[in-house]
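Heads up: the structure comes next, in structure tokens.
The values are calculated or read from the model by the stated rules, or taken from the named source; none is laboratory data. Just so you know, these numbers come straight off a predicted model, no measurement behind them. With ideal geometry, Cβ positions are generated from the backbone for all residues, glycine too; neighbour counts draw on all protein chains shown.
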Amino acid sequence: MRKVLIVEDDKFLAAIFALFIKDMGFEVVGRCRSGVEAVELCNSLEPNVVLMDIHLEGEMDGIQAAEKIQRELEIPVIFISSDTSSSVVERAIISNSYGYLVKPVQRKELEISIELAYYKHKAVIDQKRKEEGFRKFISDAPVPIVIIQDGKILYLNNEALDFFHTHYIEDMMGLPFLDFVEPDHRDRFESFIAPDAQNGKLPGRCIVNMKGLHGGTIETDIKGSWICFNGKDALQLFLNDSFQPQAHE
């Protein structure tokens, strides 16, 4: 059964929403009239979905409360408001809410929005947990692994930091991976990664000369595959650093 918290400072509307929700077969776990109380109730009651009015009593409005609830507690929020001004709608969009219903709200419209928010949020959380597990897996892997997206380094594990002769991931994040491939080997590398994301594992391997963050040449045996990372296609590269670095003349 879906557990719903109603945040609405109009007692009549709150009662109507509660009747709708009970008629849907869901549970109303609480009702409140302020953003501060909404955050407190989410902490204690752990609802599955929050229905949030925007203009509330107190200093914290509905959008501010929703941002705090979603950031700290990962509970989806659906806004319900009669305010359709562009500035308010824009704030609501930026807050990453799970819906915006304009009063007066129909029962069926509310039911569909709650169900969509519940399942969309579940999918987002499932994906987040998978990616957290994947990050831990590659962080602990005994080989250098680099993930690149749109040609730039998105993530790399501890072994890869050693490979590039740095201790800080911030030194590498966002840099073009090609910057670390010797110029006369870049065409070879780009041909190797050319197969599109639908093909999964990249065929064979690619041996190129690479360089560390502070110089030196590293003859590198690269294997790779296309993966989904942060919801987008990305390349996972395994770097065989068994060859010893050679200092530049």
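What the table below lists for this structure:
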item	result
Failed item in (1) closer than 19 Å to residue 120 by Cα; (2) free of Cβ contacts under 8 Å to residues at least 60 places away in the same chain; (3) touching a Pro at 6+ places or on another chain (Cβ under 8 Å), with residue 74 passing the rest	(3)
Boolean, residue 112 is surrounded by fewer than 19 Cβ atoms within 10 Å (Cβ to Cβ), out of contact with any Asp or Glu (no Cβ under 8 Å at 6 or more places or on another chain) and within 22 Å of residue 14 (Cβ to Cβ)	yes
Any chance residue 117 is small (Gly, Ala, Ser), outside the structural domain of residue 13 (by TED's automatic domain parsing) and in contact (Cβ under 8 Å) with a residue 60 or more places away in the chain	no
Selection count, region 28-56, where residues are more than 19 Å from residue 81 (Cα to Cα) and assigned to a helix (DSSP H, G or I)	6
Number of the condition not met by residue 119 [criteria: (1) assigned to a helix (DSSP H, G or I); (2) touching a helix residue (DSSP H, G or I) at 6+ places or on another chain (Cβ under 6 Å)]	(2)
Test: residue 56 is touching a residue at least 40 places away in the same chain (Cβ under 8 Å) and under 18 Å from residue 18 (Cβ atoms)	yes
Breaking point among (1) assigned to a strand (DSSP E or B); (2) touching a residue at least 40 places away in the same chain (Cβ under 8 Å), for residue 20	(1)
Selection count where residues are of a type outside the set (A, V, I, L, M) and either touching a residue at least 40 places away in the same chain (Cβ under 8 Å) or at positive phi (or both), scope region 221-233	5
Number of positions in region 84-105 that are farther than 15 Å from residue 51 by Cβ and among the charged types (D, E, K, R)	2
Failed criterion for residue 133 (all others in (1) closer than 25 Å to residue 19 by Cβ; (2) without any contact (Cβ under 8 Å) to a residue 60 or more places away in the chain; (3) part of a helix (DSSP H, G or I) hold)	(1)
Count of region 97-118 residues which are touching a strand residue (DSSP E or B) at 6+ places or on another chain (Cβ under 9 Å), more than 16 Å from residue 25 (Cα to Cα) and not small (Gly, Ala, Ser)	6
Count of residues meeting criterion [in contact (Cβ under 8 Å) with a residue 40 or more places away in the chain, under 15 Å from residue 228 (Cα atoms) and touching a helix residue (DSSP H, G or I) at 6+ places or on another chain (Cβ under 9 Å)] in region 149-168	1
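Conditions (1) surrounded by fewer than 19 Cβ atoms within 10 Å (Cβ to Cβ); (2) farther than 24 Å from residue 128 by Cβ, marked per residue:
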site: 6; (1), (2): no, yes
site: 17; (1), (2): no, yes
site: 33; (1), (2): yes, yes
site: 61; (1), (2): yes, yes
site: 79; (1), (2): no, no
site: 92; (1), (2): no, no
site: 96; (1), (2): yes, no
site: 101; (1), (2): yes, yes
